[in-house]
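Written below as structure tokens is the structure these notes are about.
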Amino acid sequence: MTNPPPHTTHTTKHGTDMPDQSQHPSFRYTAQLARDIETRWQQYWSESNTFRQPNPGDSDFDVNKPKFYCLDMYPYPSGAGLHVGHPEGYTATDIVSRYKKLTGHNVLHPMGWDAFGLPAEQYAITTGVHPAITTKNAIETFKRQLQRFGFSYDWNREVSTIDPDYYRWTQWIWLKAYHAWYDTNQDRARHVDELINELEAGTICVGCEDAIVHTSNEESSADDVRSWRDLDPQEQRRFIDNHRLAYLDEQMVNWCPKLGTALANEEVIDGKSERGQHPVYRKPLKQWMFRITAYADRLLNDLADLEWPESTLAMQREWIGRSEGAEVDFPLAEAPDDPTKTLRVYTTRPDTLFGATFMVVAPEHPLIEDVLKNPRQETDVDALRTYVEQARHRSDLDRMAESKEKTGVFTGIYAINPVNNSNIPIWTADYVLMGYGHGAIMAVPAHDQRDHDFARAFDLLITQVITGGEVDIRDEAWAGDGVSINSANTENGIDINNLPTEQAKEKITAWLEEKNIGKAKVNYKLRDWLFSRQRYWGEPFPIVFDQNGNHYAVDEEHLPVLLPEMEDYHPIESDDPQPLLAKATDWVHTTAGEAGVSPDVLDPAETVIRETNTMPGWAGSCWYYLRFCDPRNNDRLAGQDAERYWMTGAVDDKQATSAGVDLYIGGAEHSVLHLLYARFWHKMLYDLGEISTSEPFIRLFHQGLITSFAYQRADKSLVPTDDVEEIGEDKFVEKANGKPVTQVTAKMSKSLKNVINPDDIIHDFGADTFRLYEMYMGPLEATKPWNTRDIVGVYRFLQRVWRLVINEETGELMLQDQHDDQLERALHRTIAKVGSDIDRLAMNTAIAAMIEWTNQAIKVGRLTADQLERFAIILSPFAPHIAEELWSKLGHESSITQATWPTVDETMLQDETIELPVQIKGKVRSRINVAPDADQKTIEEEALKDPRIQELIADKAVRKVIVVPGQIVNIIV
RNA sequence: GCCGGAGUGGCGGAAUUGGCAGACGCGCCGGAUUCAAAAUCCGGUGCCAGUUGAUGGCGUGAGGGUUCGAGUCCCUCCUCCGGCACCA
């Protein structure tokens, strides 16, 4: 530990910056002094490596302290630099981290850069500079800005997703998924070799459509199951490839010609790209996918154990979209006895089967293709073809623009409703989506509003089969629960009449299963995750293809597969999907040996081509919190001891204390995408034995959006915030011409001209004030408007603290020996409150408590050294620089971060007497002073003795006295 | 439409478990300091009535309810923010 810096009077050195310096005492807490103190301490922290946190195994690691992993969502380093939203969450985690350190924890508080991805590439394209350079510059700016806030990050652990030492492990994790399959019997992922072993041993056979059939489950009927030996090598390869967790598949993708890439469903909003709002079209393309759907149930169920915001839990549940229902096979009327010619549907309401009066299939449904090839008697081929073509070419955007007016065409085919044997027509309509269920529905117009709308539009039969609700079934559907009616058929032996919905569902599902025409089925909205991007600025896949199009993994030892240097990285803007890396021809065409494919799998001399897609921006952020545990490890994604310690607290013979990152703070915009993807990767790595916990983040918190005032002219055009002057209550004018403008609150954005630059605020007030202001604005989770006018409140607070103890002429401490008893008790209360407020992330009330105490202290006069010491410690998480300065003035040679959080004496938490309000019939009429531990009887006597109360109840009979000790007295007359 | 959250002074907000509504800060008003201004400091500040004061009444989006007591719990409704949305 080096000595703290001397207290040089930088005020004189930089006196020229402040012409009126001579008029002021030299040691007044001005913005200038704040800047001085702050930069001096930041330099000290950096030089002394103050925030370094040792790992298990390091000589200075303290095994006796509990661990706390406090994580920020690392930023995307854009060229624009930090905005005021960044430091909001970062200040909160910094307060918690510093507090945890002071309360004796080993604290992991890291920071890094999410630097791959679309925006960096597009920024590079617009500026004409290579993304590697623009990104490096942006990172430097971000880092410099973050350090200016005095955040206590352990910069030794800094990681960047574009660093080959980092993305080597991103590729490694992807390979893990590539080499894994999901065993539904054990409900976990396993290595593909184990699948092959089981296939060879015969415990697993190959079912129809390459399904995995566990022979022990007896679910197989002998005729449609084949054994592994019966497959030829190409079939075997296909079987394995079809079960990898990372697999190649031809998908209808969201193709964005403007961005020149396919996008995940999650990245498409209202038919436009999330980035840039460009139109997106549907197009078939061979893509790498992740089998996230295998984890649907676990991703859903494990939400129960997480301390996450209710809204985020709800959004994840909705995204996974689990629903319970039944699958039903409807025979076709043209081939009633052919079990291969049925129309399979999914329904959540099997109890309404008797009300199914028609069926609808998606325009992309295979049945439509069949009908167009072999039209039936009633098929209007032209109408059908036109409709299907339209639906195919219509982008999602167009669909959104239209109303939900129902359109559709009759196919000419009829199905048989299996419960009552009636012939029902099969229609096609675009309100049925191919991607959900089986792309086909049984329509129950009486009890589903969409089917009702459709039936009304095309004059189809509406049959009521549920009572309940007060709606007229001719006007609208009744979709709620009720009691089944018109739902019996003796011929088929089914009767669910008079059963409430739940029981009706059970009974009819059992009947379907017995007749072998349906079964209970759980469905999810969650789809597999499209993981290929056709861009340059991302991680290359560690994969090559041979001449036949078979794919082979690059061996682990040959990672990373480096992103090739390219001169021309502009996108190939096209309707015909082409990955950008295809331009790097020298890199693309190589040999198996050169690429690093194991000679056991492929002859090293074999010519191969590399995969030219890259991974999406999400890849790096799916696991960065694991890398922070041990960021320089060259043998693993993180050393096992380090990973286990930071994620669970277990080390040596110490037991696990938690199950993941203890606190994760970031924006609510990541409620689904990042947080779902990261949970998925985490569970995969957990299944494969690479990490210790089944969930990554125990406690999650979203900081609220910081909005800002924007100003509009009468014609709605915007005026920059700086060009506006307030001339009276809620009256604002444009400085240039004095014309009135109106104030609106909106998200900060360049286009609204209402962006606040953190650098300016730090220059005008200092980082300590900035940190305090953002924490004091309101609850951390709330959306709050930035108001520069209010900053002075917390600035004055720091000035008062300073002046309370510092002689502004000499810079010397002013203290006294004897403490004031009331103030001492108040200090204990404040210490307790600040601690518990930090624990519940109520930074605003913690600061209010410190202000309150300071105001009280000013009235008292002076502090003792001991009081200042304790106050400096509780202030230090919030305003670390001024706290360090006071701490060193108190004579300490080491940093205040080495201090110990002051202890609270329980007996000091209350004053010797407390004031209790006395109510008469619920209205406060007087107050009495009693001992804090006074019993009910004493309090009641005191209350009734009170002169004011005596006066008011003189002529009335007291019926009852309610005494809540320590709280209140209520007299009922 | 469905899901999640929120409505409290002129403004940001506090009240952690049903117990003094409005902590703390901004702004505003008055005063000190200053030649003056800025900055800073001290005092006041929910609304209405009361000449001042004591004091009284009203008051947490609206209406009703439970309770000795409701910002907090229950019912009905309104508004705003965020998310999802033809998912069968």
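Observations, loosely collected:
- Orientation-averaged projected area, Cα convex hull of segment A:722-837 (nm²): 11.5 nm²
- Excluding same-chain neighbours fewer than eight residues apart, the lysines reachable from A:LYS747 by a Cα-Cα span under 18 Å are A:LYS716, A:LYS784.
- Values of log10 I(q)/I(0) for segment A:866-973 across q = 0.12 Å⁻¹ run -0.58, by the Debye formula with one identical scatterer at each alpha carbon and no solvent.
- Proximal lysines relative to A:LYS176, as straight alpha-carbon distance under 22 Å, when same-chain residues fewer than 8 apart are discounted: A:LYS286, A:LYS683
- Using alpha-carbon coordinates, inclination of helix A:86-102 to the longest axis of chain A, degrees: 60 degrees
- Given charges at beta-carbon only (K, R positive; D, E negative), |dipole| of segment A:52-116 in Debye: 220 debye
- Taking a straight Cα-Cα cut-off under 24 Å and skipping sequence neighbours fewer than 8 places away in the same chain, the lysines within cross-link reach of A:LYS505 are A:LYS515, A:LYS519, A:LYS521, A:LYS525.
- Between the listed residues A:HIS670, A:LEU637, A:TRP623, the Cα displaced farthest toward the positive end of the dipole of segment A:598-703, a dipole computed from Cβ unit charges relative to the Cα centre, is found at A:HIS670.
- Label point distance in nm, A:ASN301-A:VAL973, each placed 7 Å from Cα along Cα→Cβ: 6.4 nm
- The listed residues A:HIS589, A:HIS179, A:HIS828, A:HIS83 rank as A:HIS589, A:HIS83, A:HIS179, A:HIS828 when sorted by accessible area, largest first, using a 1.4 Å probe.
- Each part reduced to its alpha carbon centroid, segment A:30-55 and segment A:416-459 end up 68 Å apart.
- Over chain A, relative contact order from alpha-carbon pairs under 8 Å, at least 6 apart, %: 14 percent
- Charge dipole magnitude, Cβ of K and R +1, D and E -1 - chain A, Cα centre, debye nearest 20: 2840 debye
- Potential extension, A:GLU47-A:LYS525 segment - 0.36 nm per residue separation minus Cα distance: 166.8 nm
- Two-decimal Rg to Rh for segment A:662-765 - Kirkwood Rh, Cα set: 1.26
- Kirkwood Rh, Cα atoms: Rg over Rh of chain A: 1.04
- Put simply, the convex hull of the Cα atoms in segment A:593-716 casts, on average, a shadow of 14.1 nm².
- Mean projected area of the convex hull spanned by the Cα atoms of segment A:150-211, taken over all viewing directions: 7.5 nm².
- Positive-end residue, chain A charge dipole about Cα centroid, Cβ charges, pick of A:PHE458, A:VAL733, A:ILE212: A:VAL733
- Residues A:ARG796 and A:LYS735, FRET efficiency given R0 of 25 Å [Cβ-Cβ distance, rounded to 0.05]: 0.40
- Rounded, prolate or oblate (a/c below 1.5 giving rounded, otherwise prolate when a/b exceeds b/c) for segment A:273-431 by Cα gyration tensor: oblate
- Crossing angle, helix A:164-178 versus chain A [Cα axis fit, 0-90 degrees, rounded to tens]: 40 degrees
- Solvent exposure of chain A amounts to 45 Å² per residue of accessible area, where only protein heavy atoms count and the probe is 1.4 Å.
- A:ASP760 contributes an accessible area of around 90 Å² to the protein surface, as traced by a 1.4 Å probe with all chains present.
- 0 to 90° range, to nearest 10: angle between helix A:791-805 axis and chain A longest Cα axis: 40 degrees
- With the charge dipole of chain A set up from +1 on Lys and Arg Cβ and -1 on Asp and Glu Cβ about the Cα centre, the Cα lying farthest toward the positive end among the listed residues A:PHE290, A:HIS702, A:VAL588 is that of A:HIS702.
- The fraction of accessible area contributed by carbon and sulfur in chain A is 47 percent, rounded to a whole number (1.4 Å probe; ligands and nucleic acids excluded).
- Distance from segment A:637-680 to segment A:887-963 (C-alpha centre basis), Å: 44 Å
- Accessible-area value, A:MET111, 1.4 Å probe, nucleic acids and ligands omitted, Å²: 0 Å²
- Heavy-atom accessible area ranking, 1.4 Å probe, most first, across A:GLU491, A:GLU942: A:GLU491, A:GLU942
- Principal axes of segment A:407-517: Cα extent on each, largest first, Å: 36, 35, 26
- What the pair-distance distribution of segment A:544-651 shows, using all Cα-Cα distances binned every 5 Å from zero, is 2, 10, 15, 16, 14, 14, 13, 8, 5, 2, 0 percent.
- Heavy atoms of A:SER836 accessible to a 1.4 Å probe, total area in Å² rounded to 10: 60 Å²
- Across A:ILE928, A:ILE968, the residue with the most accessible area heads the list, and the full order at a 1.4 Å probe is A:ILE968, A:ILE928.
- Between A:VAL672 and A:THR348, the FRET efficiency estimated from the beta carbon spacing at R0 = 22 angstrom works out to 0.45.
- Euclidean distance between Cα centres, segment A:562-629 to segment A:352-382, Å: 43 Å
The values are calculated or read from the model by the stated rules, or taken from the named source; none is laboratory data. Quick caveat, the model's predicted, so the values are computed rather than measured. For neighbour counting, all protein chains shown are included, and Cβ atoms are generated from backbone atoms with ideal geometry for every residue, glycine included. Just so you know, the surface numbers come from the protein's heavy atoms only, side chains and all, with ligands and any DNA or RNA stripped out. Shrake-Rupley method; radii C 1.70, N 1.55, O 1.52, S 1.80 Å.
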